[in-house]
Amino acid sequence: MSRIDETMEFIPVRIAVLTVSDSRSVDEDRSGDVLVQRIQEAGHVVVDRMIVRDERDEIASRLRMWSETPVIDVVISTGGTGLTGRDVTVEAHRDVYEKEIDAFGTVFTMISMQKIGTSAVQSRATGGVANGTYMFALPGSPGACKDAWDEILKWQLDYRHRPCNFVGIMPRLEEHKRRK
């Protein structure tokens with residue numbers, strides 16, 4: 001069972017929040033607000049926040065830029081993970097990923113099933129890694145952002161989480177680039 005090892009020191013991670021929307025402004029971005037609040041309450045640092053349109057190239061460009069920014073450890077996007085024609089966030093994420101975290105979507109679906117039943121099949125939440133930066137694409141609803149943060153990311157982004165966590169392996173994410 002997972003647990004927090006209180007004998008270890010907390011290590012804050014630096015997170016950028018990206019909202020994908022054709023219609024929202026920062027003032028109307030409830031999902032982004034939920035993420036920012038929870039990230040800060042957990043003791044992490046929000047280093048950037050932005051809204052981009054539902055355009056695959058724009059989303060991928062922003063993800064690439066942030067993945068190449070040394071002060072960003074994690075990017076969390078919200079919106080555009082559904083099934084409609086304008087939902088291209090997952091494709092943009094996959095354009096950028098070097099490795100996909102397949103189980104992230106699976107675990108998110110399991111959590112969503114408990115909350116919204118079979119409607120959970122309509123989400124395509126995903127996670128991956130690019131340039132040593134973790135990236136997660138969450139649905140655009142505040143509830144989905146709460147579920148993903150409270151049930152998965154809060155724990156996996158806490159270095160003290162046992163038996164393992166994303167932070168503990170951060171230094172090794174780019175070890176393949178050092179191989180000769």
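The values are calculated or read from the model by the stated rules, or taken from the named source; none is laboratory data. Since the model is a prediction, treat every value here as computed from it, not as a measurement. Backbone-built Cβ (ideal geometry, glycine too); neighbour counts: all protein chains shown. The area values use the complete protein model at the heavy-atom level, side chains included, leaving out ligands, DNA and RNA. Shrake-Rupley method; radii C 1.70, N 1.55, O 1.52, S 1.80 Å.
Structure summary
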read-out	value
Sum of -39500 (n - 2.57) over DSSP H runs of 4+, divided by residues of the chain (222 nm, nearest 500)	-9000 deg cm²/dmol
Kirkwood hydrodynamic radius (C-alpha pairs) into Stokes-Einstein, the stretch 89-149, 20 °C and 1.002 mPa s, D in µm²/s	182
Debye intensity ratio I(q)/I(0), log10, the stretch 73-112, q values 0.16 Å⁻¹ (C-alpha model)	-0.47
Compactness of the stretch 1-108 - radius of gyration and Dmax, Cα, Å	14.9, 49
Length-normalised contact order of the stretch 124-180 in % [C-alpha pairs under 8 Å, at least 6 apart]	24
Accessible-area composition of the chain, carbon plus sulfur, in percent [1.4 Å probe]	50
Scattering profile of the chain at q = 0.10, 0.11, 0.12 Å⁻¹ [log10 I(q)/I(0), Debye over alpha-carbon scatterers]	-0.36, -0.43, -0.52
Pair THR84, ASP27: separation of 7 Å Cα→Cβ label points (nm)	2.3
Stokes-Einstein diffusion coefficient of the stretch 30-70, Kirkwood radius over Cα pairs, 20 °C, 1.002 mPa s, in µm²/s	184
The chain - charge dipole about Cα centre, Lys and Arg +1 at Cβ, Asp and Glu -1, debye rounded to 20	480
Mean Kyte hydropathy of -0.5 or more with a Cα span along the axis of at least 20 Å, helices from DSSP in the chain	102-116
Förster-model FRET efficiency, 22 Å R0, GLU175 and SER2, C-beta, rounded to 0.05	0.30
Surface accessible to a 1.4 Å probe, per residue, for the residues of the stretch 123-165, Å²	29
Set of aspartates and glutamates with alpha-carbon distance to LYS99 below 12 Å, sequence-local pairs under 8 removed	GLU174
Computed Rg/Rh of the stretch 117-170, alpha carbon atoms with Kirkwood Rh	1.01
GNM flexibility winner over the chain from ALA60, ALA125, ALA137 (Cα, springs under 10 Å)	ALA60
Spin-label model distance (nm) - SER119 vs GLU41, 7 Å beyond Cα toward Cβ	2.2
Ratio Rg/Rh, restricted to the stretch 78-180 and using Cα atoms, in which Rh is the Kirkwood radius	1.00
Cβ-derived FRET efficiency at R0 30 Å, VAL71 paired with THR106, nearest 0.05	0.50
